[in-house]
């Protein structure tokens, strides 16, 4: 039986040739070919096939690539030699069953990739990297398999790209125990398990060692790195998920029309739309900074840019300063009362992320912060905050508590383990019923407030389109029913779908209000 040290020698050998066509290895059995060519979670498949299966972490270490060292010594260009020096984090594992080693695995992670995802790699412990971090990860793409024969063993390797940063996985199969245990390959698995990477460097197919691959250094291309950094910033402020911004926007736009009792004008619309975007973006960064250590423990949030280290704390603080400065600039176009109110809004945004550590009602603080723009809209137009404005603010806050509880349901298992508090954790088995009560209270109160605003049903109201507002409230009932249907099976995807669905309720009510003044 070959040892890991022997395999290291084989993999570093200049005589080892990787081929892209498995048939060049002259395999005698079809089953061997299927094991080599199909993508699957190897550890999961072994576990299903062999009751005695065990995944074993054998070695983890940082190494200096030997081929690079040799190349550096022979190079005539000292600058190029410097560029060729790479540190690699190597992780060796074995798949075992009935005292037999079924396969060896080697993961080679360049230093830059490791630093970008240090939290994830550091928390792997004795878990398989594919099943834990790569498989079903939408940010990971896989390149083509390459194959080689190492003495009596067969190997395959593929480069994976995690948001463009590479790592290589090599699997070395020991087929005799396969035959002895009667293990069958997954012949039905197709290529769709991982999106195939689109190679910018097709010459990789002809490379024989990891050193040659690193010479390409596509991941150090400055333009590519800049685009990745901008992508990380966009993810930090949730531009890939615009629904939360809209959930914050609809109540504010509704308040502008209500405060003006008509069209508020393009100037105020632009100021408040930009203000919502800037405030929400800064709030997301503050939230992620506060939860940086917690996010790595939660399934849904563990790949956030700050949690993974792709965005540094200093960068996040600079972005907060930029968004804050731009928000301050917008406030210069509004009255003094609105300017003073903005400090209360900032205070609520800052304290919200901390509330989940001390109280089961962080969603209440979120609701007050999320909808504070309602009060600012009234103050900007009327230079005062009437009682109706406060009432709209509170009912919108209760609506936010309801839909953010749906969102919190996605993390409830992880939250209980990590000690994070939320209304979803507090309400427990009664969470759906309490959400329903909050939704009913919101709709009834919104109906009463609409009446007080002058949306009075009747024949004259019909011709003045007041009925559209109440139709919007009625239609909202069906969206609430759909959300309840989703939450009866509270998977992460269903909870987020239910949360996102509230955007349509906000849009409907905004249309119902704005049409009154058309």
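The values are calculated or read from the model by the stated rules, or taken from the named source; none is laboratory data. These numbers come from a predicted model, not from an experiment. Counting neighbours? That spans all protein chains shown, and the Cβs are built from the backbone with ideal geometry, glycine included.
Restricted to segment 332-349, and to residues there that are surrounded by 15 or more Cβ atoms within 10 Å (Cβ to Cβ) and within 32 Å of the chain's Cα centre (by Cα), the residue that is nearest to residue 270 (Cα to Cα) is 342.
Taking the listed residues 101, 109, the one that is crowded, with 22+ Cβ neighbours inside 10 Å, in the same structural domain as residue 160 (by TED's automatic domain parsing) and within 16 Å of residue 57 (Cβ to Cβ) is 109, with no other qualifying. Among the residues making up segment 15-29, those that are at pLDDT below 75 and surrounded by fewer than 10 Cβ atoms within 10 Å (Cβ to Cβ) are 15, 28. Are any residues in segment 30-69 part of a loop (DSSP other than H, G, I, E, B) and either at pLDDT 75 or above or more than 34 Å from the chain's Cα centre (by Cα) (or both), and if so, which ones? Within segment 30-69, 50, 51, 52, 53 meet the criteria. Against the test of being in contact (Cβ under 8 Å) with a residue 40 or more places away in the chain, assigned by TED's automatic domain parsing to the domain that holds residue 251 and either surrounded by fewer than 22 Cβ atoms within 10 Å (Cβ to Cβ) or in contact with a strand residue (DSSP E or B) (Cβ under 7 Å, 6 or more places away or on another chain) (or both), the options 429, 418 yield a single qualifying residue, 418. From the residues in segment 117-136 that are closer than 23 Å to residue 36 by Cβ and in a loop (DSSP other than H, G, I, E, B), which one is modelled with the lowest pLDDT? Among those that are closer than 23 Å to residue 36 by Cβ and in a loop (DSSP other than H, G, I, E, B), it is 136.
For residue 163, are the conditions met, namely being under 33 Å from the mean Cα position of the chain (by Cα) and at positive phi? In short, yes. Here residue 321 clears all of (1) touching a residue at least 12 places away in the same chain (Cβ under 8 Å); (2) surrounded by fewer than 16 Cβ atoms within 10 Å (Cβ to Cβ) except the condition numbered (1).
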